[in-house]
Amino acid sequence: MRRAMNMIPTILRYGFAGAVALLAASPVSAEMEGPARLHERYVTLEPKLRASVFNAPIYIESNDRDGLIRGEAYGVLPHAFTVFSATIQQPAAWCDFATLHFNIKGCVYRSRTGSGILTIYSGGKQYEDPRNARRHEFLYTVRAATHDYLNILITSDDGPIDTSDYRIEVAAVALGNQTFAQVRFSYRYRTLTRMMSATYFATLGRNKIGFTVIDRDKDGNPVYIKGRSGGMERSVMRFYLGLQALFESLAQPESERFEWRIRRWYVLTDKYRRQLYELAQDEYLDTKRKERASWLRLQSELDSKR
């Protein structure tokens, strides 16, 4: 029971940005919406993106009902679509992105044309050798890739404790010299996860807050959303800031990108200290350097077997 309880924060973070570091969403439909539909979504959501509570062009919708967590996240990234598409189609980039999160201990990939397998290793906040961490595999498929539209689907049948049916869809279209991206995700959970998450938010996670202001106290100070919805908001912000750090790092020499990326992600998340703070900067940086050395060895061993 204690081990299960300790996994709850990871499931809640993992569910959204989750599996691949990152996101929480509505069920992924078998049919792709296509670029025209995604452009229509942007036109509809543009006012909400400008007025986002995240102080960034992000909008999320989500619900938690009948054992299914589902939602959608939309965001405008200040990067050209050609760069976004070429980068995000590479499984290695997902590992670079996923491992920014303090709960992700490592990531390796096996790829072939248009698909591959991502293996994510998750654990606590402090350093942990990926070999000793929890291992979770995801099937990665590029379903469409044109000059102005991208659709990627990531799935896993099973997850931690009694969670299952993880589905993440990333779709994006060109928006001038920027990129409009949609992330849909969902996963199912049963009784044990429901009980453990309720206990977590009543105890260890009782002071965790999201970004949405749901009320004002008697002094006029904002009261922020908590619980699972607050967890989703924290995850989506980490996801967005992770993408920002990843794409900004591309301007650096390749040999300097990792160090630049982890420093940048920390600085970006520290702007939202009330919601996102978990580790002191020196501890976070030292942990990520050690973990990277460990998962790169795992990747090298995997590559040598091909």
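Just so you know, all these numbers are worked out from the coordinates, no wet-lab data involved. Source: prediction; values computed, not measured. Using ideal geometry, Cβ is built from the backbone for each residue, glycine included, and neighbour counts are taken over all protein chains shown.
Taking the Cα centre of segment 241-306 as reference, the dipole from Cβ charges on Lys and Arg (+1) and Asp and Glu (-1) amounts to some 140 debye.
Arranged from fewest to most other beta-carbon atoms within 10 Å of their beta carbon, D282, D270, D219 become D219, D282, D270.
With a threshold of 21 Å on the Cα-Cα distance, the over-threshold entries among K218/K271; K105/K290; K226/K288 are K218/K271; K226/K288. Whole-Hz Karplus values for segment 260-275 come out as 5, 5, 5, 5, 5, 4, 5, 4, 5, 6, 5, 5, 10, 4, 4, 8 Hz, taken residue by residue from phi with 6.51 cos²θ - 1.76 cosθ + 1.60 and θ = phi - 60°; glycine and proline positions read x. Sequentially through segment 34-51, phi angles give Karplus couplings (6.51, -1.76, 1.60; θ = phi - 60°) of x, x, 4, 5, 5, 5, 4, 4, 4, 4, 5, 8, 3, x, 6, 5, 5, 9 Hz, Gly and Pro residues having no value and appearing as x. Taking label points 7 Å from Cα along the Cα-to-Cβ direction, A36 and T212 give a separation of 3.2 nm.
In a reduced charge model with +1 at each Lys and Arg Cβ and -1 at each Asp and Glu Cβ, segment 92-156 shows a dipole moment near 220 debye about its Cα centre.
Each of V142, V83, V173, V43 has some number of other Cβ atoms within 10 Å of its Cβ, and from fewest to most they run V43, V83, V142, V173.
Coupling constants for segment 117-130 follow from the phi torsions by the Karplus curve (6.51 cos²θ - 1.76 cosθ + 1.60, θ = phi - 60°), and in residue order they are 10, 9, 10, 9, 10, 10, x, x, 7, 7, 4, 8, 5, x Hz; glycine and proline get x.
So, by mean Cβ neighbours within 10 angstrom, what's the order for 91-101, 242-252 with the highest one leading?
Ranking the peptides 91-101, 242-252 by packing returns 91-101, 242-252.
Per-residue Cβ neighbour counts within 10 Å put S156, S300 in the sequence S300, S156, beginning with the fewest.
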